[in-house]
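Here is the structure we will look at.
The values are calculated or read from the model by the stated rules, or taken from the named source; none is laboratory data. Small disclaimer: the values here were computed from a predicted structure and weren't measured. Note: ideal-geometry Cβ built from the backbone for every residue, glycine included; neighbour counts use all protein chains shown.
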Number of protein chains: 2
Amino acid sequence: MRHECRRDLVLNAALPSTPKAEGYRLAAEFEPHAGVWMLWPERADNWRAGAKPAQAAFAALAAALAPFERVTIGASPGQLANAGAMLPSTVRVVELASDDAWMRDMAPAFVVNDAGDVRGVKFGFNAWGGLKGGLYFPWDQDALVAAKLLEIEQLERYDAPLIAEGGALASDGLGTLITTVDCLINDNRNPGLRRARIEGILRDYLSASTVIWLDHGLPGDETGGHIDNLVAFVRPGVLVMAWTEDRADPFYDIARLTFERLAAATDARGRRFEIHKIHQPRPMIIRAEEADGILTVAGTKPRRAGDAICASYINACVGNGVVIVPSFDDPNDEAARAAYAALHPERRIIQVPAREVVLGGGGLHCITHEQPRV
Amino acid sequence: MRHECRRDLVLNAALPSTPKAEGYRLAAEFEPHAGVWMLWPERADNWRAGAKPAQAAFAALAAALAPFERVTIGASPGQLANAGAMLPSTVRVVELASDDAWMRDMAPAFVVNDAGDVRGVKFGFNAWGGLKGGLYFPWDQDALVAAKLLEIEQLERYDAPLIAEGGALASDGLGTLITTVDCLINDNRNPGLRRARIEGILRDYLSASTVIWLDHGLPGDETGGHIDNLVAFVRPGVLVMAWTEDRADPFYDIARLTFERLAAATDARGRRFEIHKIHQPRPMIIRAEEADGILTVAGTKPRRAGDAICASYINACVGNGVVIVPSFDDPNDEAARAAYAALHPERRIIQVPAREVVLGGGGLHCITHEQPRV
């Protein structure tokens with residue numbers, strides 16, 4: 001039943017308590033899913049050629065996931081027919097307007113309790129930095145996505161007093177959270193909030209008892225450095241991280257610092273981590289013919305020929321019985337596939353080309369968000 | 001589970017069979033509901049004063065229904081915050097763009113089977129007459145509402161090869177359907193389709209074994225003459241109809257013809273009907289200050305001071321344990337309330353002012369659509 005309380009300017013009323021107080025914990029991505037949510041890309045100032053190549057890439061991902069679980073794609077009213085025409089009929093398409101298509105970051109964090117109930121936690125959203133380095137303006141429709149999704153699913157909502165994105169949070173489902181200082185403790189997200197206060201919010205809203213802070217994400221990650229390009233949980237106690245042996249890669253030193261920090265850390269149950277490495281694809285840049293297809297709009301991050309683009313095999317999707325691993329037409333694609341196959345022996349490994357997604361600023365993980373089933 | 005078949009230009013794929021072939025029947029409105037759907041009015045060329053008075057009227061109806069069942073209101077992206085602010089927190093607000101707000105006519109017809117499954121039947125929609133007397137242009141977003149609603153609810157869909165609106169169909173849930181010639185057998189909806197062919201479609205898609213045809217609806221009904229301003233089922237075998245003793249009312253003769261036709265008819269089980277009459281409110285016209293608030297837009301039916309408006313107490317909402325009866329600040333309001341109380345002794349009777357809705361061209365029934373629960 002719906003909880004009655006004051007309705008704010010967001011769609012529906014948030015619960016007045018916190019997940020921790022009510023016995024909810026953040027679910028891990030490797031737990032069973034009720035489904036996966038995506039958004040349909042359309043803005044021509046971010047996605048080249050009127051977003052059609054990106055739409056084809058999103059559709060390929062949805063088609064790869066659909067045999068394994070319910071896939072729902074939210075599209076704006078004007079894109080519904082186009083989305084329907086490009087997607088297999090097994091994908092659910094719902095109207096869900098947004099400013100851009102990064103469902104990982106706009107969806108609620110789903111929390112679950114032992115009784116099998118699922119609720120959502122909505123964080124504040126400001127397009128990865130608001131007026132201080134955010135990627136576009138405005139972001140009002142993005143900020144409504146979490147509440148709209150929960151209304152469709154008829155799930156209750158908590159509103160956390162923190163600006164954060166799903167891609168900034170890696171969870172083992174048991175109280176351990178890994179995140180980066182660059183995203184959360186940043187005046188462009190949460191001015192005035194110090195580490196202890198942020199940890200308190202993560203504890204109250206995600207039941208995170210242990211927060212492991214890394215300083216930086218991947219160099220060039222335009223979110224400021226999301227954890228989901230860098231480190232992911234395979235299962236409790238087991239991590240997979242991006243790696244490079246290329247001394248010319250600006251990531252070289254950060255990779256080592258990240259490994260050292262994680263190797264020295266313990267999780268919420270006091271265990272050391274088993275850490276696996278997957279070598280990065282080779283550095284990539286935006287090609288002239290790609291940049292030429294992007295609409296120039298004031299206030300949107302420009303994408304120019306020769307700019308580095310930020311790809312990572314860690315930015316993958318773990319689904320029910322499947323892992324969708326990005327491919328980049330790169331010599332390391334096969335090693336990434338093999339690494340995931342070894343890490344997830346109980347899941348099928350499917351590779352999906354991700355260059356068109358990376359050109360827009362993220363990866364396969366960034367454009368999906370799982371909804372847990374307990 | 002979703003059915004796999006060709007995806008059309010509408011959102012999702014329709015089932016290739018028919019409800020009748022698969023054991024489904026059209027549910028009656030007086031059967032138990034899973035909830036009621038509405039749309040949020042916003043177009044200033046139909047609703048005066050930027051639609052704010054209509055929004056208040058819709059919100060009052062939603063608030064009256066919400067204690068009795070789940071109410072969901074679909075709003076366009078730009079109206080979500082406004083709808084949220086005007087509605088009680090017990091009402092679910094989902095994003096669902098439309099051209100106007102007549103959920104009765106845009107929602108699917110819900111069919112049910114003995115196993116308790118619910119599916120939707122989508123008819124074609126052309127704004128009550130398309131380019132031959134339709135009320136506005138375009139209507140592409142309206143035409144998507146049924147499919148979008150079913151995607152949200154994850155219910156399967158049939159597409160019926162007929163242009164029809166929910167307000168044109170009155171059902172007893174047992175195979176009897178009452179409708180009007182003026183709406184269904186009309187070149188502005190179904191050119192070239194004769195009565196026998198239309199009855200075949202109603203049989204295949206709604207399991208209607210007996211179709212009772214009335215010639216006309218209420219005079220001035222801009223839909224062409226929807227049944228839902230004229231006659232409704234109270235329960236199987238029992239009808240309630242609009243009536244007038246005012247010889248000056250252009251409805252006077254039609255009321256008598258309607259009564260005679262219904263009194264001579266038998267339902268799908270071969271029974272005669274018990275017919276109750278509720279006297280009409282007095283004739284109403286659009287006031288100058290009301291007409292002044294309406295935006296003039298080419299292609300939209302104009303609403304001028306002095307134009308007759310078409311109100312009826314039959315255009316009411318039957319919910320779980322409640323009947324919402326329109327009131328018009330009219331001397332007959334009380335008799336209408338008393339009549340409904342006598343007809344529905346097991347339901348609470350609540351009156352809600354409906355003038356603002358009627359000014360826009362319909363009534364409380366027209367702006368709601370129940371979703372059955374089996």
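Residue-wise test of (1) over 15 Å from A:Gly120 (Cβ atoms); (2) modelled with pLDDT of 90 or more; (3) within 14 Å of chain B (Cβ to nearest Cβ).
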| site | (1), (2), (3) |
| --- | --- |
| A:Met1 | yes, no, yes |
| A:Arg6 | yes, no, yes |
| A:Leu11 | no, no, yes |
| A:Ala14 | no, yes, yes |
| A:Ser17 | no, yes, no |
| A:Phe30 | yes, yes, no |
| A:Gly35 | no, yes, yes |
| A:Glu42 | yes, yes, yes |
| A:Gly50 | yes, yes, no |
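Kindly establish whether A:Gln55 is free of Cβ contacts under 8 Å to residues at least 60 places away in the same chain, buried (at least 19 other Cβ atoms within 10 Å of the Cβ), more than 9 Å from chain B (Cβ to nearest Cβ) and under 15 Å from B:Gln141 (Cα atoms).
In short, no.
Mind listing whichever residues of the stretch B:116-125 are part of a loop (DSSP other than H, G, I, E, B) and without any contact (Cβ under 8 Å) to a residue 60 or more places away in the chain?
B:Phe125, the sole residue that qualifies.
May I ask you to list the residues in the stretch B:336-371 that are polar (S, T, N, Q) and part of a strand (DSSP E or B)?
Once the filter is applied, which keeps residues that are polar (S, T, N, Q) and part of a strand (DSSP E or B), the stretch B:336-371 yields B:Gln351, B:Gln371.
Kindly list the number of the only condition in (1) more than 20 Å from B:Gly362 (Cβ to Cβ); (2) surrounded by 13 or more Cβ atoms within 10 Å (Cβ to Cβ); (3) in contact (Cβ under 8 Å) with a residue 40 or more places away in the chain that fails for B:Thr296.
Here B:Thr296 clears every test but (2).
I'd like to check something: does the stretch A:319-326 contain any residue that is over 25 Å from A:Gly224 (Cα atoms) and without any contact (Cβ under 8 Å) to a residue 60 or more places away in the chain?
The answer is yes, given that some residue of the stretch A:319-326 is over 25 Å from A:Gly224 (Cα atoms) and without any contact (Cβ under 8 Å) to a residue 60 or more places away in the chain.
Say we look at the stretch A:22-46 and pick out the residues that are under 17 Å from the mean Cα position of the chain (by Cα) and not hydrophobic (A, V, I, L, M, F, W, C); which of these is nearest to A:Ala56 (Cα to Cα)?
For the stretch A:22-46, the residue satisfying everything is A:Pro41.
Within the stretch B:177-192, track down each residue that is buried (at least 19 other Cβ atoms within 10 Å of the Cβ) and either touching a Lys or Arg at 6+ places or on another chain (Cβ under 8 Å) or farther than 22 Å from B:His365 by Cβ (or both).
Selection gives B:Cys183, B:Asn190.
Within the stretch B:191-213, can one find any residue that is over 26 Å from B:Arg271 (Cα atoms) and touching a residue at least 24 places away in the same chain (Cβ under 8 Å)?
Within the stretch B:191-213 (the criterion being over 26 Å from B:Arg271 (Cα atoms) and touching a residue at least 24 places away in the same chain (Cβ under 8 Å)), the answer is yes, since at least one residue qualifies.
A:Ala311 - would you say it is touching a residue at least 40 places away in the same chain (Cβ under 8 Å) and part of a loop (DSSP other than H, G, I, E, B)?
Yes: the conditions hold for A:Ala311.
So which strands (runs of 3 or more DSSP E) are wholly in the stretch B:229-304 and hold at least 1 residues that are among the small types (Gly, Ala, Ser)?
B:231-235, B:238-243
Can you give me the number of residues within the stretch A:223-248 that are surrounded by fewer than 17 Cβ atoms within 10 Å (Cβ to Cβ) and within 18 Å of the chain's Cα centre (by Cα)?
1
Which residue pairs have Cβ atoms closer than 7 Å, lie 6 or more positions apart in sequence or on different chains, and pair a first residue in the stretch B:62-84 that is farther than 13 Å from B:Val94 by Cβ with a second residue that is modelled with pLDDT of 95 or more and small (Gly, Ala, Ser)?
From residues that are farther than 13 Å from B:Val94 by Cβ, the pairs are B:Leu65/B:Gly319; B:Phe68/B:Gly319; B:Phe68/B:Gly321; B:Glu69/B:Gly35; B:Glu69/B:Gly319.
Among the residues of the stretch B:124-171, write down those that are surrounded by 23 or more Cβ atoms within 10 Å (Cβ to Cβ) and of a type in the set (Lys, Arg).
B:Lys148
What number of residues within the stretch A:89-104 satisfy the criterion of being more than 7 Å from every other protein chain (Cβ to nearest Cβ) and in a loop (DSSP other than H, G, I, E, B)?
Going through the stretch A:89-104 one residue at a time, the tally reaches 6.
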